[in-house]
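Contents: one structure, followed by commentary.
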C-alpha cells in the first residue's frame, strides 16, 4: 500500500484558518505601519526623495503609465489579465470575476480620499505641501481627486490584483507581488504619495482581495489542479493509495475511467462496461477515478462497489484534471493490459473486446482510437480537426485523433510515465518517445448519453497549444541511448 495525498478534513480546515489568519496579520501590519509612517517619517521621506532628485527621475516613468495595459495600477491591466484567467485558468469566469471584483472593491480608496482630503506631497509646485490641512477635502473632492493622496488608488488596485493572482496562480506569486512593489515604489519616488498613503493602500488591497474571494466563493485549492501554473512535483503529492482488490484473481485487463460529475451516466456506464468486458473472457477490473466530483457520483460509486467486485474507485483529494486522473488510474491498475475510456459514454466500451486482439495482431504496444465519424456539434468537429492538424504539424506526427480517450496499452508502455496537465492529448506521442509502437484504428463515437461536456474551446485551445510547444521541445530533447553492462570475463572494456 502506498501513502495517499488525501488530507483529513481537520487538516484542511486548519490550513484554511492558517491562510486566513496570515492575510489578516499582513493587513493589520500594513495598517500599523501606515499609522507609524504618518506620525514619524512621511515628511522626512518626501524631503529625502526631493533632495536626491528621485522625484524628477521617477516622473520619467509617466510614458510607461500612459500604456495602461502594461501598468498594474490601472484597471485596464486588471481587465486584460482577467480575460486571460477566464480563458486558461481552471476557475474560468469565476476566477476572472473574483479578480475584477477585487479591483472594484479596492476602488473604495476614492471614498476614503474624499473623506480624508489629504493633499499630495508634491502637487504641481515641485515642493512638498507640509502646511496643508491633511483632513479637508470637501464635497468637491469626491468628484475631483487629482490632488488627493490618501490612500493611493494605483497601489490599492495593484495589491488587490497581486493577492488574487497569487491565490489563483501561486507559481507566479513572486512576479505579481514584484509588480505591486514597483507600483508602490514609483508612487513614493515620484512624490505623488506619502509613504503612509502606500501602506494604507496595501491594507485596502488585501481587504479587497478577501472580500472578493469570499463573495466569489473561491475554494482554498483554486490555484491547484488543471491550471496554467506548474504541475505537481514528482514526490509525495503524486501518490495513490490502493487497497487489495476483492477479486482473488489478478486481472489481465484494467479499464481506467476518469470521472467528474457524471451522476447521470454512472449507472449506464457500469452496466455497459461489465457486459463488454465479460466478452473478452479475461479476468478484468475497472479502475474508476473520481476526480473530485461534487454531485452524487461518489454516492453512486460507493453503492456500486458493494455489488460489483470488479469495481475499484480512486477518489482524488481535489479536482486535478483529466491527465492527473489518468496518471492515478495507471498507477493503481494491476492488469497486463490497460484500457481507457471517458465516463460520458461517447466512447463505446463495446469497442474494447474488438480492439484487444489488435495488440498482438499488429505487434504494437498501444492501440489508439480514431473518432473518424464524430458525433459532436459542427463547431466542435471543426475545432478538433484544426487542433489535430496543428498538433501533427508542430509535433511532427501523423495521428488523426490524438485526444481520443479510447485507447489500449501494454502496461509497460504507460506505467511510470510522469504526466503534466494536458498530457492526455499527447499519449501516442509520449508512448512513441519511450520507444514503443502505436497503431491507430477507427472507432465508433456516440452522442453524449447524458450530462454536459466538461471541456470546450475556452478551456482547451490555448492550454493545448502551450502544451504542444512543450511536447515538441520534449521530443527534440528526449534522451535516447543504448548501454550494456560489461561482463567480468570480457576481454575488452
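Some notes on this structure:
- Residues located in segment 416-462, provided they are more than 30 Å from residue 364 (Cα to Cα) and either at pLDDT 85 or above or not in a loop (DSSP other than H, G, I, E, B) (or both): 461, 462
- Taken together, the residues in segment 279-296 that are touching a helix residue (DSSP H, G or I) at 6+ places or on another chain (Cβ under 8 Å) and free of Cβ contacts under 8 Å to residues at least 40 places away in the same chain amount to 3.
- Residues in segment 403-415 that are part of a loop (DSSP other than H, G, I, E, B) and surrounded by fewer than 21 Cβ atoms within 10 Å (Cβ to Cβ): 415 only.
- Residue ranges of helices (runs of 4 or more DSSP H) in segment 297-359 with at least 3 members more than 24 Å from the chain's Cα centre (by Cα): 297-307, 352-355
- Residue check for residue 135: surrounded by fewer than 22 Cβ atoms within 10 Å (Cβ to Cβ), at pLDDT 90 or above and out of contact with any strand residue (DSSP E or B) (no Cβ under 8 Å at 6 or more places or on another chain): no
- Residue in segment 331-346 that is surrounded by fewer than 16 Cβ atoms within 10 Å (Cβ to Cβ) and at pLDDT below 90 present: no
- Residue list for segment 94-111, filter: surrounded by fewer than 21 Cβ atoms within 10 Å (Cβ to Cβ) and at pLDDT below 85: 110, 111
- Within the set 279, 288, the sole residue that is under 26 Å from residue 354 (Cβ atoms) and surrounded by 19 or more Cβ atoms within 10 Å (Cβ to Cβ) turns out to be 288.
The values are calculated or read from the model by the stated rules, or taken from the named source; none is laboratory data. None of these values were measured; they are calculated from a predicted model. Cβ sites come from the backbone with ideal geometry, for glycine too, and all protein chains shown count toward neighbours.
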